[in-house]
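One structure is given here, and the rest of the page talks about it.
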Amino acid sequence: MRCLVLSDIHANLAALEAVLKDAKRRRLSYDMVWCLGDVVGYGPDPNACIELLRTVPHVCLAGNHDWAVLGKLELAAFHENATVVALWTREQLTAENLNYLRARSARELQERYLLAHASPREPIWEYILDTSVAAENFEHLPDGYALVGHTHVPVIFAQDRASGDVRASVPPPGIPIALDSGFRYILNPGGVGQPRDGDPRAAYALLDTEKHTWTQYRAEYPVHLTQAKMRAAGFPDTLIDRLSYGR
Ligand code: ZN
């Protein structure tokens, strides 16, 4: 199976559209979209993003921002800017789209891959930012493979099954990385709607579960369109500006 792996769309419709268009332009064939959560929050198009996602065969998780909008998380745990938009999003979402989000789980197994929004052991909150946190999480993988989002930064953590050593690498866009059976992997495609690795382009990946390859991609999108909608909705400047820098 070939899966387009997306995460952290964050209600950024221009970015989601650009990713789907970019995959088409590159003639990437895929059977499913696996979306790792945070479909909403931060961005101006929550309904349209859910509705576009639902036009393709997909599996979608819930992330911390989705839970905040649903009232499943204490907003006190959120940054003030994120809270403002979570409350706005709650007002905007249609009953059908709220139900759609409510039906998502934060972690689920697809084939040999454990999908989790944040981390395998703590699927809503934990950030896997370094090899030591990754090493602890490798203990929680049933079959040695996990896909996570949440940090909005593309990365591959690989653990040598023999030695237990963990290393991190940033996959160069467009080059298939072979997933070696001698390793366990935690793979993060980066963020579609709010990249945080200093590259403002939308990030996504293609996973081929038969060839055992992972290919990272980046897609340019009209950042100013999303920013104009955020401005019109009265969102905080910090959230608007960060999209220009990918931080
Ligand atoms: Zn997120």
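The values are calculated or read from the model by the stated rules, or taken from the named source; none is laboratory data. Everything quoted here is computed from the prediction, not taken from an experiment. Neighbour counts are summed over all protein chains in view; Cβ atoms, including those assigned to glycine, are modelled from backbone coordinates with ideal geometry. Each accessible area value is taken on the protein alone, full model and side chains, heavy atoms only, with ligands, DNA and RNA left out. Shrake-Rupley method; radii C 1.70, N 1.55, O 1.52, S 1.80 Å.
Here is how the numbers come out for the structure above:
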{"quantity": "Strands (runs of 3 or more DSSP E) wholly inside region 1-97 containing at least 2 residues that are open to solvent by less than 30 Å² (accessible area, probe 1.4 Å), within 23 Å of residue 122 (Cα to Cα) and within 16 Å of the ligand (Cβ to nearest atom)", "calculated": "2-6, 32-35"}
{"quantity": "Filter result for residue 109 (under 23 Å from residue 235 (Cα atoms), open to solvent by 30 Å² or more (accessible area, probe 1.4 Å) and not acidic (Asp, Glu))", "calculated": "no"}
{"quantity": "Top-ranked residue in region 115-125 [being surrounded by fewer than 22 Cβ atoms within 10 Å (Cβ to Cβ) and away from the ligand (no atom under 13 Å from the Cβ); ranked as nearest to residue 73 (Cα to Cα)]", "calculated": "122"}
{"quantity": "Criterion (in a loop (DSSP other than H, G, I, E, B), among the aromatic types (Phe, Trp, Tyr) and open to solvent by less than 50 Å² (accessible area, probe 1.4 Å)) met by exactly one of 204, 185, 221", "calculated": "221"}
{"quantity": "From 162, 168, 134, 178, residue being of a type in the set (A, V, I, L, M) and open to solvent by less than 30 Å² (accessible area, probe 1.4 Å)", "calculated": "134"}
{"quantity": "Subset of region 224-247 that is touching a Leu at 6+ places or on another chain (Cβ under 8 Å) and farther than 23 Å from residue 173 by Cβ - its residue that is most open to solvent (accessible area, probe 1.4 Å)", "calculated": "227"}
{"quantity": "Counted residues, region 139-156 - those being open to solvent by 10 Å² or more (accessible area, probe 1.4 Å) and either away from the ligand (no atom under 16 Å from the Cβ) or part of a strand (DSSP E or B) (or both)", "calculated": "6"}
{"quantity": "Only listed residue being farther than 15 Å from residue 119 by Cβ and touching a Pro at 6+ places or on another chain (Cβ under 9 Å), chosen from 209, 238, 215", "calculated": "215"}
{"quantity": "From the options 33, 84, 39, residue that is modelled with pLDDT under 95 and β-branched (Val, Ile, Thr)", "calculated": "84"}
